[in-house]
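K.L.:
Take this structure first; my questions come after.
Every number in this text was worked out from the coordinates using simple rules, so none of it is lab data. Just so you know, these numbers come straight off a predicted model, no measurement behind them. Note: ideal-geometry Cβ built from the backbone for every residue, glycine included; neighbour counts use all protein chains shown.
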Amino acid sequence: MKLRIGTRGSRLALAQAREVAEALTALSVETELVAITTAGDRGADPASDPAGVKGLFVSEIVRALRDGEVDLAVHSAKDMPAGNEAANEGGLVMAAVPERASALDVLVTRDGDLQPGARVGTSSIRRRAQVFRLRPDVLVEDLRGNVDTRLRKLGDGETDALILAGAGLLRLGVVPEHAAPMSLSEMVPAPGQGCLAVQARASDGATIEVLSALDHAPSRMALETERGLMARLGGGCALPLGAFAEPGPRGVKLLAIALSPDGSRIARTEVDGATPEEVAELAALDLSAGGADEILGLFRP
């Protein structure tokens, strides 16, 4: 059996796909990586895709999977449109969620310190808002590009610090000299951060059976909880929404926040319950009661 794995062609996306390929190789399954250039990679306008900025990075890979050009697709879960149904529509299923890498963000500085007035580079509204709350004495500047590009800009002095996903650094094998994981009290990660989502065609029972061996139940439960919250709040990766779920006393627990872009307003909740659906619903209600609808409404179309 040989499985063709659809993936974006970026260095990080290929590293993620190889992670899945290596797990399949350990099951004596032959694989082939098929790199697909997405609209997001070409710099397309988010308005050009019905799913917005997230759709830019997954739509063409999903099309290739539906059309039988590949047998499975590996996505960064953060890139997928919100809602668990979105991953299981059009004849596709989320066949596996491998064990999650670290969900935490990492603060990378040029010289190991973050002085008052330092420039922190990030293009994420979620990170920007939390930096303003954590360190109102620093400046936050828009900084874009892949991990290598942003680290180069840091080294060149274009910024004094970066905030990057720890999972991305780990998967790339990049170890910056001055890097420190940020605790959940400092920076609540994006929903799905650190998770991979592996899709297959619902009609392809043989591939689904093979991929079931890669599924990690606690990681799937966490991802479904976080994605469920996003769907209920109308959220996406462009919104200042943070969420982190993990196993809890009753089944699953969730920490979630929504912040105004300047960090001055925050809605926060911690919820636990038996199922991802229950916890996502309770958290959405709590956040809405705390003003999240008004905060996030500023960013919805």
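K.L.:
Considering only 38, 159, 25, give the residue with the highest GNM mean-square fluctuation for the chain, with springs between Cα atoms whenever their separation is below 10 Å.
P.N.:
Sorting by GNM fluctuation, first place goes to 25.
K.L.:
Rg to Rh ratio, region 105-181, alpha-carbon atoms and Kirkwood radius?
P.N.:
Numbers: Rg = 11.3 Å, Rh = 12.3 Å.
My calculation puts Rg/Rh at 0.92.
K.L.:
Which Cα, out of 178, 155, 284, lies furthest along the positive dipole direction of the chain (beta carbon charges, K/R +1, D/E -1)?
P.N.:
155
K.L.:
May I ask you to derive the FRET efficiency for residue 250 and residue 156 from their Cβ-Cβ distance with R0 = 35 Å, giving the value to the nearest 0.05?
P.N.:
Working: r = 49 Å, r/R0 = 1.41.
Working from the Cβ atoms, E equals 0.10.
K.L.:
How big is the charge dipole of the chain about its Cα centre, in debye rounded to the nearest 20, if each Lys and Arg gets +1 on its Cβ and each Asp and Glu gets -1 on its Cβ? Mind showing how you got there, number by number?
P.N.:
Working: 32 positive and 42 negative charges, 79 e Å.
It comes to approximately 380 debye.
K.L.:
Would you calculate, for the chain, the mean residue ellipticity at 222 nm contributed by helices, counting each DSSP H stretch of 4 or more residues as -39,500 (n - 2.57) and dividing by all residues, to the nearest 500?
P.N.:
-9500 deg cm²/dmol
K.L.:
Further question: Contact order normalised by length for the chain, with contacts defined as Cα pairs under 8 Å and 6 or more residues apart; what percent is it? Please report the intermediate quantities before stating the final value.
P.N.:
On the way: 644 pairs, mean separation 58.4, N = 301.
Across the chain, relative contact order equals 19 percent.
K.L.:
Another question about this same structure. How much net charge surrounds residue 117 when only other residues with a Cβ under 13 Å from its Cβ are counted (Lys, Arg +1; Asp, Glu -1)? Kindly include the intermediate steps, with their values, before the conclusion.
P.N.:
Numbers: positive: 119, 135; negative: 113, 137, 141, 160.
With Lys, Arg at +1 and Asp, Glu at -1, the neighbours total -2.
K.L.:
Report, by chain and number, residues whose modeled amide H sits under 5 Å from the one on residue 57, excluding near sequence neighbours (fewer than 5 apart, same chain).
P.N.:
40
K.L.:
Count the DSSP beta bridges whose two residues both fall in the chain, then state the antiparallel fraction as a percent rounded to the nearest 5. Present the calculation step by step, with values, prior to reporting the outcome.
P.N.:
Values: 33 of 47 bridges.
Just about 70 percent of them are antiparallel.
K.L.:
Follow-up question, since we're still on this one. Report the percentage of all Cα-Cα pairs in region 62-194 whose separation exceeds 17 Å, rounded to a whole percent. Each step should come with its number before you reach the end.
P.N.:
Details: 5506 of 8778 pairs.
Taking all Cα-Cα pairs of region 62-194, the fraction more than 17 Å apart is 63 percent.
K.L.:
Quick one: length gained pulling residue 148 to residue 217 fully straight, 0.36 nm per residue minus the C-alpha distance? Write down the numbers at each step before the final one.
P.N.:
Details: separation 69, 0.36 × 69 = 24.84 nm, distance 3.23 nm.
Here the answer is 21.6 nm.
K.L.:
Show me the three semi-axes of the equivalent ellipsoid for region 230-297, from the C-alpha gyration tensor (sqrt of 5 times each eigenvalue), largest first, rounded to whole Å. Before the final figure, lay out the partial values.
P.N.:
Details: eigenvalues 89, 23, 21 Å².
With the √(5λ) rule applied to region 230-297, the semi-axes are 21, 11, 10 Å.
K.L.:
Same structure, new question: Would you pull out the residues with amide H under 5 Å of residue 146's amide H, same chain only if 5 or more places away, H placed 1.01 Å from N?
P.N.:
none
K.L.:
Dividing the alpha-carbon Rg of region 124-277 by 2.2 N^0.38 Å yields what? Mind showing how you got there, number by number?
P.N.:
Values: Rg = 17.6 Å, N = 154, 2.2 N^0.38 = 14.9 Å.
Relative to the 2.2 N^0.38 Å estimate, region 124-277 comes out at 1.18.
K.L.:
If you don't mind, another one. Listed highest first by mean packing, meaning other Cβ atoms within 10 Å per residue, what order do 61-69, 248-256, 172-180 come in? Before the final figure, lay out the partial values.
P.N.:
Working: 61-69: 16.8, 248-256: 18.8, 172-180: 13.3.
So the order, starting with the most tightly packed, is 248-256, 61-69, 172-180.
K.L.:
Note the per residue figure in Å³ for the convex hull of the C-alpha positions in the chain.
P.N.:
Value for the chain: 124 Å³ per residue.
K.L.:
Using Cα centres only, tell me the gap between region 144-200 and region 218-275 in whole Å.
P.N.:
Cα centroid of region 144-200 versus Cα centroid of region 218-275: 20 Å apart.
K.L.:
Among the helices of the chain (complete DSSP H runs), which have Cα atoms covering no less than 30 Å along the helix axis and a Kyte-Doolittle mean of at least 1.0? Each step should come with its number before you reach the end.
P.N.:
Numbers: long enough: none.
Span-like helices, by this rule, are absent here.
K.L.:
Work out how much length residue 64 to residue 32 would gain on full extension: take 0.36 nm times their residue separation and subtract the Cα-Cα distance, in nm to one decimal.
P.N.:
Numbers: separation 32, 0.36 × 32 = 11.52 nm, distance 1.44 nm.
Taking 0.36 nm per residue and subtracting the Cα distance, the gain is 10.1 nm.
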